[in-house]
Amino acid sequence: MNRRTALLLGATGLVGGHCLDLLLKDAAYGKVTTLGRRLLPVEHQKLEQQVVDFTRLADFASLLEAQDIFSCLGTTIKKAGTREAFRQVDFSYPYEAARIAVKNGAEQLLLVSSLGADARSGIFYNRVKGELEDAVSKLPFRGIQIFRPSLLLGKRDEFRRGERISEYAMKTFSFLLVGPLDKYRPVQARAVATAMLRVAKANPAGVNIFESDRIRAGVET
C-alpha cells in the first residue's frame with residue numbers, strides 16, 4: 001500500500017502541534033516533513049524535520065515536496081510587532097510555500113484561516129486572511145481545503161491575556177450561540193487538526209471551506 005506524504009508548516013503552533021501528533025499516529029501517512037525555524041523535541045521514524053529561513057523559501061524549494069500540504073502558520077499583530085511583519089507571516093510565508101509546493105507536484109492544500117476571513121473586510125486581520133484564501137485558491141492544487149475556526153481553545157506555550165478574556169467570555173455565553181450563530185462558538189484546536197486530517201484523507205476536489213460549526217460536527221455536514 002502506498003502511504004501518503006505530508007508537509008507541515010507551523011508545527012509549533014496550537015493547531016499545528018496537534019496536526020503533527022495526529023499525522024505521526026495515522027497509518028495512512030508514511031512520511032511527515034516539518035518546515036520550521038528550529039527543531040522540535042520530537043522523534044519518530046517517519047518524521048523528517050527541516051530548518052528553513054522563511055524569508056528565503058525559494059532557496060529551500062526542493063524540501064517542499066509532499067502530496068498533502070498542511071499550512072498552520074500564523075501569529076498575532078502584537079507578537080509580530082507591526083502590520084507588515086504580521087502580513088509576512090500570515091500571508092507571504094504560507095502563500096510562497098503553497099506556490100512552491102504545487103509547482104513540485106503537491107496535490108492538496110489544507111489551510112488554517114479564520115472565521116470572518118474576507119479580502120474586503122475593514123478589519124486588517126480578517127482582510128489578510130481573506131487575501132491569502134483568495135491567492136491560494138488560484139493555485140492549481142487538485143483540492144484546496146480551507147478551515148475557518150472561531151476562537152481556538154487549547155493550551156498555548158505563551159500567555160495571551162486578550163485571548164484568555166475572550167475565551168472566558170465565549171465559554172460563559174456560548175449557550176446563546178445557536179442556529180446561524182453556532183459557528184461563532186469556540187472550537188478546540190485538536191478538533192480543527194482532527195478535521196483537517198479527516199478531510200485530507202477524503203481528498204475532495206476543488207476549493208472547500210469548513211467553518212467552526214462543521215469542524216465541531218466532524219465536517220460531515
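The values are calculated or read from the model by the stated rules, or taken from the named source; none is laboratory data. The structure presented is a predicted model; accordingly, all values stated were derived computationally and were not measured. With ideal geometry, Cβ positions are generated from the backbone for all residues, glycine too; neighbour counts draw on all protein chains shown. Ligands, DNA and RNA are excluded from the accessible area calculation, which covers all protein heavy atoms including side chains. Shrake-Rupley method; radii C 1.70, N 1.55, O 1.52, S 1.80 Å.
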Within segment 1-29, track down each residue that is polar (S, T, N, Q), open to solvent by 50 Å² or more (accessible area, probe 1.4 Å) and touching a Gly at 6+ places or on another chain (Cβ under 7 Å).
12
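Is it the case that segment 81-89 has a residue that's open to solvent by less than 20 Å² (accessible area, probe 1.4 Å) and either in contact (Cβ under 8 Å) with a residue 40 or more places away in the chain or not small (Gly, Ala, Ser) (or both)?
Start the filter on segment 81-89 by keeping residues that are open to solvent by less than 20 Å² (accessible area, probe 1.4 Å), which leaves 86.
This time we only want the ones that are either in contact (Cβ under 8 Å) with a residue 40 or more places away in the chain or not small (Gly, Ala, Ser) (or both), so: 86.
There is at least one residue in segment 81-89 that is open to solvent by less than 20 Å² (accessible area, probe 1.4 Å) and either in contact (Cβ under 8 Å) with a residue 40 or more places away in the chain or not small (Gly, Ala, Ser) (or both).
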Of (1) under 24 Å from residue 8 (Cβ atoms); (2) modelled with pLDDT of 95 or more; (3) over 15 Å from the mean Cα position of the chain (by Cα); (4) surrounded by fewer than 16 Cβ atoms within 10 Å (Cβ to Cβ), residue 121 satisfies all except one. Which?
(1)
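Name the single residue that is nearest to residue 88 (Cα to Cα) among those in segment 64-77 being of a type in the set (A, V, I, L, M, F, W, C) and open to solvent by less than 50 Å² (accessible area, probe 1.4 Å).
The residue in question is 73.
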Could you run through segment 39-49 and say how many residues are open to solvent by 30 Å² or more (accessible area, probe 1.4 Å), assigned to a loop (DSSP other than H, G, I, E, B) and without any contact (Cβ under 8 Å) to a residue 24 or more places away in the chain?
6
